[in-house]
Every structure is written in C-alpha cells, then in structure tokens.
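Down below is the structure, laid out as structure tokens.
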Amino acid sequence: MEDLILDTETTGLGINAEIIEIALIGAETGDIYLDTLVKPLSPIPADAMAIHGITNEDVANSPAWGDVYKQFCELIKDRVIHIYNADYDVRLVSQTCALYNLKDPDIDANCVMLKYAELYREEDNYRGGWKWQSLSNAMLQQDIDVSDIKAHRASADCEMTRRLLRKIQIER
C-alpha cells in the first residue's frame, strides 16, 4: 500500500484553528486520494485568507469535517503519512476532530521538515539543533522546479513535499 503525503490549510495557527482544506496524495505516484475544501464552524479570519487565498465563500457549500472524517480515517489506516510540518498538521486534525467530538485518528506521521532540517544542516542558535526550513525554501535549496504549482494550497503543498522526498530520498 502506497505511503501518502498530507497537507492542510486552516483558519489560523492557534488552539481554536480548524481545517478548511485537506489533501492526501500518493508519495510515489502523486495520485490524489483526497482533495477537498472543508466548511469550518467559524469564519475564516482575514489574516489566514491572505496566506492561502481560501475565502468563506469558497467553503460555503463544502462538506463539514464530520463528513470528511470517515474517508480520511479509512485512507490513512495502516499507512505511513509524510507531512512537511507534522506537529502542526497532526495538531490541526486533532483540534478539528475535537470540535466535532470525533475520535482522534491514529496518524503514523513522518515529519519531512525535521528530516530535511537534519539533512540541510543549518545551525539553529535559537532552538538548538538544525534550523527548520520552509517548504518553499527547501524547493529553492534543492533546485526543485515548482513553477507549475501555486503554494499554500493543500494539494500543491503535498506535491511540493512529494518532489522534495523524491529528490533527497528521505527514508523513514
């Protein structure tokens, strides 16, 4: 069974943020397994819209998380899920599930961002260890062409992560 790559777009960064877009693509094939907008319980703040460009009008007729949850759980079952910033996306899945009183799914997450930081080896004087690189910076640093991709949308960021994985051959 093919590993998957996960990315989300959200209403923000805080403890009340929730998922408004989620994508899962095949780590080898790039096949799209899930790519959907999600109607949040609360309006999308302007600062979040400025980052990903997803508006309240865009999600108005989208399924709620409760409608996406079962398919999401079935897709990730018994698979390794590669995520560029795993702590963030796993937290947002958990937060969104809590808003709907749904069980936290068991995500076997592989954090590509941390593994890339170790590979790139730029010292982080603030946190110690290796500095985390943004996904866009990783693309530039590895000379990966992403001219055909619009960053900050879930499926696009999944594809960028897939290209990075293939370029540097990160193993679990």
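Which pairs have Cβ atoms under 7 Å, sit 6 or more apart or on different chains, and link a residue in segment 145-159 that is touching a residue at least 60 places away in the same chain (Cβ under 8 Å) and under 21 Å from residue 38 (Cα atoms) to one that is open to solvent by less than 30 Å² (accessible area, probe 1.4 Å) and part of a loop (DSSP other than H, G, I, E, B)?
So the pair list comes out as 157/84; 159/30.
Go through (1) open to solvent by less than 10 Å² (accessible area, probe 1.4 Å); (2) touching a Lys or Arg at 6+ places or on another chain (Cβ under 7 Å); (3) closer than 20 Å to residue 149 by Cβ for residue 9 and report which single condition fails.
For residue 9, the failing item is (1).
Is it the case that segment 113-127 has a residue that's at pLDDT 95 or above, assigned to a helix (DSSP H, G or I) and within 20 Å of residue 15 (Cβ to Cβ)?
no
Yes or no, residue by residue, for (1) out of contact with any helix residue (DSSP H, G or I) (no Cβ under 6 Å at 6 or more places or on another chain); (2) open to solvent by 50 Å² or more (accessible area, probe 1.4 Å); (3) not β-branched (Val, Ile, Thr):
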| residue | (1), (2), (3) |
| --- | --- |
| 104 | no, yes, yes |
| 121 | yes, yes, yes |
| 124 | yes, no, yes |
| 132 | no, yes, yes |
| 145 | yes, yes, yes |
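Does segment 22-76 hold any residues that are closer than 20 Å to residue 165 by Cα and part of a loop (DSSP other than H, G, I, E, B), and which are they?
27, 28, 29, 30, 31 - these are the residues of segment 22-76 that are closer than 20 Å to residue 165 by Cα and part of a loop (DSSP other than H, G, I, E, B).
Does residue 55 meet the test of being β-branched (Val, Ile, Thr) and surrounded by fewer than 19 Cβ atoms within 10 Å (Cβ to Cβ)?
yes
Being under 14 Å from residue 22 (Cβ atoms) and not in a loop (DSSP other than H, G, I, E, B) is the filter here, so list the residues in segment 143-160 that pass it.
Result: 154, 155, 156, 157, 158.
Which of the residues that make up segment 90-102 are open to solvent by less than 20 Å² (accessible area, probe 1.4 Å) and either among the small types (Gly, Ala, Ser) or closer than 11 Å to residue 69 by Cβ (or both)?
Answer for segment 90-102, where residues must be open to solvent by less than 20 Å² (accessible area, probe 1.4 Å) and either among the small types (Gly, Ala, Ser) or closer than 11 Å to residue 69 by Cβ (or both): 93, 96, 97.
Of the residues that sit in segment 18-52 and are of a type in the set (A, V, I, L, M, F, W, C) and more than 17 Å from the chain's Cα centre (by Cα), which one is surrounded by the most Cβ atoms within 10 Å (Cβ to Cβ)?
Among residues in segment 18-52 that are of a type in the set (A, V, I, L, M, F, W, C) and more than 17 Å from the chain's Cα centre (by Cα), the one surrounded by the most Cβ atoms within 10 Å (Cβ to Cβ) is 44.
Can you tell me which condition residue 120 does not meet? The list is (1) in contact (Cβ under 8 Å) with a residue 40 or more places away in the chain; (2) out of contact with any Cys (no Cβ under 9 Å at 6 or more places or on another chain), and all the others hold.
Every listed condition holds for residue 120 apart from (1).
Taking segment 58-89 as the search range and keeping residues that are of a type in the set (Val, Ile, Thr) and either free of Cβ contacts under 8 Å to residues at least 24 places away in the same chain or surrounded by 19 or more Cβ atoms within 10 Å (Cβ to Cβ) (or both), which one is farthest from residue 137 (Cα to Cα)?
Only one residue tops the list, namely 68.
With the structure loaded, tell me whether residue 15 is modelled with pLDDT under 95, open to solvent by 40 Å² or more (accessible area, probe 1.4 Å) and part of a helix (DSSP H, G or I) or whether it fails that test.
No; evaluated as a whole, the condition is false for this residue.
Just one of the numbered conditions (1) within 17 Å of residue 159 (Cβ to Cβ); (2) among the hydrophobic types (A, V, I, L, M, F, W, C); (3) out of contact with any helix residue (DSSP H, G or I) (no Cβ under 6 Å at 6 or more places or on another chain) is not true of residue 15; which one?
Among (1) within 17 Å of residue 159 (Cβ to Cβ); (2) among the hydrophobic types (A, V, I, L, M, F, W, C); (3) out of contact with any helix residue (DSSP H, G or I) (no Cβ under 6 Å at 6 or more places or on another chain), the lone unmet condition for residue 15 is (1).
The values are calculated or read from the model by the stated rules, or taken from the named source; none is laboratory data. Every value quoted in this text rests on a predicted model; they were computed, and no experiment measured them. FYI the Cβ positions are ideal-geometry reconstructions off the backbone, even for glycines, and counts take in every protein chain you see. Just the protein is used for accessible areas: all its heavy atoms, side chains included, with ligands, DNA and RNA removed. Shrake-Rupley method; radii C 1.70, N 1.55, O 1.52, S 1.80 Å.
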